[in-house]
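Let me begin by presenting the structure, written as structure tokens, before commenting on it.
The values are calculated or read from the model by the stated rules, or taken from the named source; none is laboratory data. Note that the structure is predicted; figures quoted are calculated from it, not measured. Here the Cβ is made from the backbone with ideal geometry for all residues, glycine too, and neighbour counts use every protein chain on show. Remember, those area values only see protein heavy atoms, side chains included, never the ligands or the DNA or RNA. Shrake-Rupley method; radii C 1.70, N 1.55, O 1.52, S 1.80 Å.
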Protein chains: 4
Amino acid sequence: MTNRVSIVGATGYSGAELVSLLAKHPSAEIASVFSSEANAGAPFASIHPSLRGVAGPRVEALDFDALLATDPDTLFLATPNELSAELVPRLAAEKITTIDLSGSFRLRDASLYPLFYGFDHPSAGLLDRAVYGLTEWCNGSLEGATLVANPGCYATSILLALRPLDPLLGGATIICDAKSGVSGAGKRASVDYSLGELAGNFSAYGVAGHRHQPEIASQLGDGPAFLSFVPHLLPIPRGIFSTIHIGFDRSVEPGEMAAAYSEAYDAAPFVHVLDHGDLPSLRSVVGTPHCEIGFQLLGEGRRAVVVSVIDNLLKGAASQAVQNFNRIHGYAETEGLS
Amino acid sequence: MTNRVSIVGATGYSGAELVSLLAKHPSAEIASVFSSEANAGAPFASIHPSLRGVAGPRVEALDFDALLATDPDTLFLATPNELSAELVPRLAAEKITTIDLSGSFRLRDASLYPLFYGFDHPSAGLLDRAVYGLTEWCNGSLEGATLVANPGCYATSILLALRPLDPLLGGATIICDAKSGVSGAGKRASVDYSLGELAGNFSAYGVAGHRHQPEIASQLGDGPAFLSFVPHLLPIPRGIFSTIHIGFDRSVEPGEMAAAYSEAYDAAPFVHVLDHGDLPSLRSVVGTPHCEIGFQLLGEGRRAVVVSVIDNLLKGAASQAVQNFNRIHGYAETEGLS
Amino acid sequence: MTNRVSIVGATGYSGAELVSLLAKHPSAEIASVFSSEANAGAPFASIHPSLRGVAGPRVEALDFDALLATDPDTLFLATPNELSAELVPRLAAEKITTIDLSGSFRLRDASLYPLFYGFDHPSAGLLDRAVYGLTEWCNGSLEGATLVANPGCYATSILLALRPLDPLLGGATIICDAKSGVSGAGKRASVDYSLGELAGNFSAYGVAGHRHQPEIASQLGDGPAFLSFVPHLLPIPRGIFSTIHIGFDRSVEPGEMAAAYSEAYDAAPFVHVLDHGDLPSLRSVVGTPHCEIGFQLLGEGRRAVVVSVIDNLLKGAASQAVQNFNRIHGYAETEGLS
Amino acid sequence: MTNRVSIVGATGYSGAELVSLLAKHPSAEIASVFSSEANAGAPFASIHPSLRGVAGPRVEALDFDALLATDPDTLFLATPNELSAELVPRLAAEKITTIDLSGSFRLRDASLYPLFYGFDHPSAGLLDRAVYGLTEWCNGSLEGATLVANPGCYATSILLALRPLDPLLGGATIICDAKSGVSGAGKRASVDYSLGELAGNFSAYGVAGHRHQPEIASQLGDGPAFLSFVPHLLPIPRGIFSTIHIGFDRSVEPGEMAAAYSEAYDAAPFVHVLDHGDLPSLRSVVGTPHCEIGFQLLGEGRRAVVVSVIDNLLKGAASQAVQNFNRIHGYAETEGLS
């Protein structure tokens, strides 16, 4: 039996990838797709080049009643943070399973929203109900979940690299030097994001406090002594490359790290760990739902460099949302993704 | 004795290159630099990376009285078309020599402005007074000129390639397939010009009527039987590459073309013609004030392919403006440019 | 019943795309993959990022007996021209259906090979047997074919745009100004193809005689009075953008062109023609098996600009090869491609 | 009185920039330019686009007697490491002042050469005589020097950022996460450096031991407790962006860092430090001889992020060599560079 899905924010970069994946998903049927007023009326196939010749509903301007009228079983929100925060309680009231790709339900602590997201959270009571959807680390919590907070793109790449090392990170200092293609910032009508300004350029931003920092920190817990996150903008369309510099509190063997990764991901279809000393390049994952991780110990095992790469629009957004969709509804995790 | 110069539109791409050139020009002294309100108060050195450590006036919001108060001998307008059309008569009234980098005084025929520029020309009476500043073809008209219309970037690359061939172009069909980097469109706050949309992309635009078409046609005169101009957008910051396909009315020898180019440019410091069959690449001129031209005859001399390359911000704008400045005031043509 | 396929040249750009497509083709089973000595022993999944987690045979160094031992029904050659010319007769002797992605069987006239390909054709007797596999124009000739010459990438984009206009092209002059991403040249260990040299660059090449010129000309026949083909190198990885400038022998109406395209492609799943005046951009086809065509009449219908865009590695190579594979064996044309 | 200069390795990326700078240097006269056999006979102006129209000697294949015959006062070596190591003693014997842009005389400890450079140093006795030419930190040692080891590009960007902090770095952990454009690797005839492979890509390399690591470490001395250096390859032609993550042994105030930088660089014409919290982007220095440095304290002053940007071919190679040339001979430090 197919699951009726609706996508809000279908014409942004992540939303379009999501529509493209769901259109080919054997268990999903696209009930409706919504966007801002500017894109209303656009044909379904215009959303993504891969949809050429594929039938589906026209893009509509978002209207909550119109959305309900299309009777979706699962709703995907690829919407701005404040819009998600406003829509989620209404969807909860209608008992519609929701996968939110924005940051609005990623933090448990409502007091962080004014500082990192610039607004008071209007539905803080739902923060505890949201499952943080880093699929490989959700254990049984996704099955039957009604609200999933899809992780941030940077957070996905960094947490997939660090979570397996939890037992080694007590007292550690962790420096995440991350680099992202421009699609991570969404479609931007800004001189700063124009090709004329960005070609040949590279820059750091958000050094004093990017919103993915508390997301990463809260998921890692109290073990590490220090965690910093410095994002940079790569002059390319897509992909995230995170270089993670770890200072351990004791000496670590390559075999210990390999064993930790092996236990975590040997059965994971979308996370792959390379042999010690072998580091992945970005191109090996762009356009795919995969994460690749490599590591190198230094300084007699007291330090490590870990590299984690993903496609920010897929494993960092749309394909992870589909993994979560599959888990919620009991489909095979790889359905629609391979 | 130095010439006091003022630049209006100093923070756009062409304006910034112009300021950078004039700051090092031995006979120029920068009296003032103006921009839109948004950039007012910016330090002089912020205009261009090459100005680091160079002293000069702060950027001011444009105000005509303030401009006059800085007492410029020569004014450079790197302004939107309509603003130039409005400023030029006021500058003429003040007897300030003006070099206009916009398109507002490039066409003689005022009736073309509504169609190609979208406005009725407010100072059509001055169109006849403007010298069309394709430097190498100005003969004596620049010396002492008071109003110069600096040619369009596409027009510069194409006319430098075609003007020497005038005697061969009677009855010819001429197809100009031109490609430009994005800086030709100025600083654009638009999703369409974002790196996310343009990286890896290529497109044609203005096929049915780009404003450089009547500019090129009017400068070529009535000889050619047909002229088309099809511009394209290259996903790179700067440079224009014009591929010009000519169908002659008779058979032409390589030596005839070589002789025509030799006569035109042997003494020109900034235009260089390669040997028959050798075509220039864009990189050989980007960042320089030079134009390079190559040609190849085909079809038993009935057809030719001519390639002309320039840096759109330099020979297509700022450095040609400095050539014109030098000629107006009797400085050596290469002053400040080599 | 599945068709056992083997790919020779599996690790080049086109070969890798072909393996990626065939690995997901419901009617194909990959029997073996061959490459040069340098790649021998590489795991199947290393061929293309999309193959992560997909099972298949290891890459082997090409050996004809080893190839026969894997008992392929269909062989795809993504090999250098001379190697294809040598392998094809041996495959014909073994009655193995062959789809050749090289240029070795695209021309009927063996005398053109020394000039355009640099070698005397060793199996000229087979040139007449090869079906020129521009799928949409093959009518019934592909069904059951044993040797298919897969068209060149430039030729595909240009011929798909021009073949429908055959009745309008008598006496016409046709100028093909084409632009290709660098993957069209294959994997190149050359300073000229390094990013350091190509970033921000653009150039023309092969103006006096590219090998796709006789291919295009021979497929168009004797109607046009003049045809030129000028290829350029875009500083991007993939995609072909052909701007075709046509001078008709009479005046043509937009409706005539639209009707001609409609008749040719309304039923074609992978060729799409836009409305008069609407021109496609490259990004709309990169990563897809589609061709998009747009056109604009000029000069009172005596001239037209036609733009045709494809992904050079897909519609210009691998996906067209799969279309041909489908037609040969009677599978649906879209099988494995949508 | 002009200084006769000769450049060996004039057609590589750094060498060409050097020739371009020296051709305009008021106190230098180019006596000869040498390259490998492949470039012998090329005209002087072909070395760099900016030399169009500039007179100078033809490129010659390197021959030591021919070099001596041109009677240079100063020799610049932009040569492979092993060639420099072989040439320097011969030049020393001839008492020719030499500025070596290779790595052959950057380390004092000859035992590091086999490990980091892959050869036994043939003239280890000269290592002590070489002045390490990080211009801003040379104090009086450059004046009259006869052998200068021009620093590595990464080392320049990192040491300029760290040397002023010496008093704060006792017991510190320093992690240098550096990113370089591809010209840092020189002109490469390699598939790995082709645009087809690098466009849209990003990767780390040399994590276990890049040759700039011992260079940086030896210049910093024994203060820091730990130093790591992880270089990455940016898919752009030029520029180095170093993100330096410092863990101090105590709490540091922004004012302390600002004061340290101010003392070091207030009088330095080519190093500029931004206000606390303001980080430079790469484009602000590409094409210039400048270094820009920004810093941000974190974690209550126990941690800092410092960003240092340079053009790898200029401040990281050619323009720093000219600074050193100026200092050796007593010219103003900015001569030929502003």
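Among the residues making up the range D:138-149, those that are at negative phi and open to solvent by 20 Å² or more (accessible area, probe 1.4 Å) are D:GLY140, D:SER141, D:GLU143, D:THR146.
Considering only the range A:312-327, I want to know if a residue exists there that is within 12 Å of chain D (Cβ to nearest Cβ) and open to solvent by 40 Å² or more (accessible area, probe 1.4 Å).
Within the range A:312-327, the first condition is being within 12 Å of chain D (Cβ to nearest Cβ), and the residues that meet it are none.
Taking every residue of the range A:312-327 in turn, none turns out to be within 12 Å of chain D (Cβ to nearest Cβ) and open to solvent by 40 Å² or more (accessible area, probe 1.4 Å).
The residue list A:ALA172, A:ALA189, A:ALA149 contains one member that is within 14 Å of another protein chain (Cβ to nearest Cβ) and farther than 19 Å from D:ASP177 by Cβ, which is A:ALA189.
How many residues are at the interface with chain D (Cβ under 10 Å from one of its Cβ atoms), open to solvent by less than 10 Å² (accessible area, probe 1.4 Å) and part of a strand (DSSP E or B) if we restrict to the range A:230-243?
Going through the range A:230-243, the residues at the interface with chain D (Cβ under 10 Å from one of its Cβ atoms) turn out to be A:230, A:232-241, A:243.
Filter once more, so that each one left must be open to solvent by less than 10 Å² (accessible area, probe 1.4 Å): A:230, A:232, A:234, A:236, A:239-241, A:243.
Imposing the further condition that a residue be part of a strand (DSSP E or B) reduces the set to A:230, A:232, A:240-241, A:243.
Adding up the residues that qualify gives 5.
The criterion of being small (Gly, Ala, Ser), open to solvent by 40 Å² or more (accessible area, probe 1.4 Å) and under 30 Å from B:TYR193 (Cβ atoms) does not hold for A:GLY152.
Within the range A:238-260, identify whether any single residue is modelled with pLDDT under 95 and aromatic (Phe, Trp, Tyr), and answer yes or no. No: the range A:238-260 contains no residue that is modelled with pLDDT under 95 and aromatic (Phe, Trp, Tyr). Suppose we keep only residues that are crowded, with 18+ Cβ neighbours inside 10 Å, facing another protein chain (nearest Cβ under 7 Å) and part of a loop (DSSP other than H, G, I, E, B) within the range C:192-228. Which one would you say is nearest to the chain's Cα centre (by Cα)? Checked the range C:192-228; the qualifying residue nearest to the chain's Cα centre (by Cα) is C:VAL207. Looking only at the range D:273-287, residues that are more than 10 Å from chain A (Cβ to nearest Cβ) and surrounded by 23 or more Cβ atoms within 10 Å (Cβ to Cβ) come to 2 in all. The condition of being more than 8 Å from every other protein chain (Cβ to nearest Cβ), aromatic (Phe, Trp, Tyr), farther than 14 Å from C:THR156 by Cβ and open to solvent by less than 10 Å² (accessible area, probe 1.4 Å) holds for only one of C:TYR331, C:TYR261, that being C:TYR261.
Can you confirm whether D:ALA40 is modelled with pLDDT under 95 and of a type in the set (A, V, I, L, M)?
On the way: modelled with pLDDT under 95: yes; of a type in the set (A, V, I, L, M): yes.
Considered against the rule, which asks whether it is modelled with pLDDT under 95 and of a type in the set (A, V, I, L, M), D:ALA40 comes out as yes.
If only one of C:GLU335, C:GLU292 is more than 26 Å from C:HIS212 (Cα to Cα) and of a type in the set (D, E, K, R), which one is it? Steps first, answer last, please.
Numbers: C:GLU292 fails: more than 26 Å from C:HIS212 (Cα to Cα).
None of the others qualify; the one that does is C:GLU335.
Test C:PHE248 against the criterion of being touching a residue at least 24 places away in the same chain (Cβ under 8 Å), open to solvent by less than 10 Å² (accessible area, probe 1.4 Å) and within 12 Å of another protein chain (Cβ to nearest Cβ), and give yes or no. No; evaluated as a whole, the condition is false for this residue. In the range D:300-311 there is at least one residue that is among the small types (Gly, Ala, Ser), surrounded by fewer than 21 Cβ atoms within 10 Å (Cβ to Cβ) and closer than 30 Å to D:GLU253 by Cα.
D:LYS179 fulfils the conditions (1) basic (Lys, Arg); (2) within 14 Å of another protein chain (Cβ to nearest Cβ); (3) open to solvent by 20 Å² or more (accessible area, probe 1.4 Å) except for a single criterion, (3).
Quick check on the range C:288-304: of everything there that is touching a Leu at 6+ places or on another chain (Cβ under 9 Å) and of a type in the set (Gly, Ala, Ser), which residue is farthest from the other protein chains (Cβ to nearest Cβ)? If we take residues in the range C:288-304 being touching a Leu at 6+ places or on another chain (Cβ under 9 Å) and of a type in the set (Gly, Ala, Ser), then C:ALA304 is farthest from the other protein chains (Cβ to nearest Cβ).
If you take the residues of the range C:108-123 that are without any contact (Cβ under 8 Å) to a residue 60 or more places away in the chain and not polar (S, T, N, Q), which of them is least open to solvent (accessible area, probe 1.4 Å)? Can you show your working first?
Quick first cut of the range C:108-123, residues without any contact (Cβ under 8 Å) to a residue 60 or more places away in the chain only: C:110-111, C:113-114, C:118-123.
After this cut, where a residue has to be not polar (S, T, N, Q) as well, the list is C:110, C:113-114, C:118-122.
Details: C:ALA110: 34, C:TYR113: 0, C:PRO114: 58, C:GLY118: 62, C:PHE119: 16, C:ASP120: 124, C:HIS121: 26, C:PRO122: 89 Å².
Restricting to residues being without any contact (Cβ under 8 Å) to a residue 60 or more places away in the chain and not polar (S, T, N, Q), the top hit is C:TYR113.
Between A:LEU101, A:LEU165, A:LEU159, the distinction of being aliphatic (A, V, I, L, M), buried (at least 22 other Cβ atoms within 10 Å of the Cβ) and closer than 24 Å to A:ALA10 by Cβ belongs to A:LEU101 only.
Scan the range D:177-184 and give yes if some residue there is hydrophobic (A, V, I, L, M, F, W, C) and over 13 Å from the mean Cα position of the chain (by Cα), otherwise no. Yes, there is a match, as at least one residue in the range D:177-184 is hydrophobic (A, V, I, L, M, F, W, C) and over 13 Å from the mean Cα position of the chain (by Cα).
Inside the range A:166-176, residues that are under 21 Å from the mean Cα position of the chain (by Cα) and β-branched (Val, Ile, Thr) make up a count of 2.
If I filter the range B:56-98 down to residues being of a type in the set (Gly, Ala, Ser) and over 26 Å from B:ALA45 (Cβ atoms), which single residue comes out as most open to solvent (accessible area, probe 1.4 Å)? Spell out how you get there, then give the answer.
From the range B:56-98, those of a type in the set (Gly, Ala, Ser) are B:56, B:61, B:66, B:69, B:78, B:84-85, B:92-93; that's our starting set.
So of that shortlist, the ones also over 26 Å from B:ALA45 (Cβ atoms) come out as B:84-85, B:92-93.
Values: B:SER84: 0, B:ALA85: 1, B:ALA92: 29, B:ALA93: 79 Å².
Checked the range B:56-98; the qualifying residue most open to solvent (accessible area, probe 1.4 Å) is B:ALA93.
Out of the residues in the range C:127-137 that are crowded, with 18+ Cβ neighbours inside 10 Å and over 13 Å from the mean Cα position of the chain (by Cα), state the one that is farthest from C:LEU83 (Cα to Cα). Selected residue: C:VAL131.
If I ask for residues that are part of a strand (DSSP E or B) and more than 19 Å from B:LEU314 (Cα to Cα), which ones from the range B:1-15 would you list? Outline the logic, then answer.
Start the filter on the range B:1-15 by keeping residues that are part of a strand (DSSP E or B), which leaves B:3-8.
Residues satisfying the conditions are B:ASN3, B:ARG4.
Counting only residues that are open to solvent by 30 Å² or more (accessible area, probe 1.4 Å) and in contact (Cβ under 8 Å) with a residue 12 or more places away in the chain, which one in the range B:31-48 is nearest to D:SER338 (Cα to Cα)? Among those residues, the one meeting the criterion is B:HIS48.
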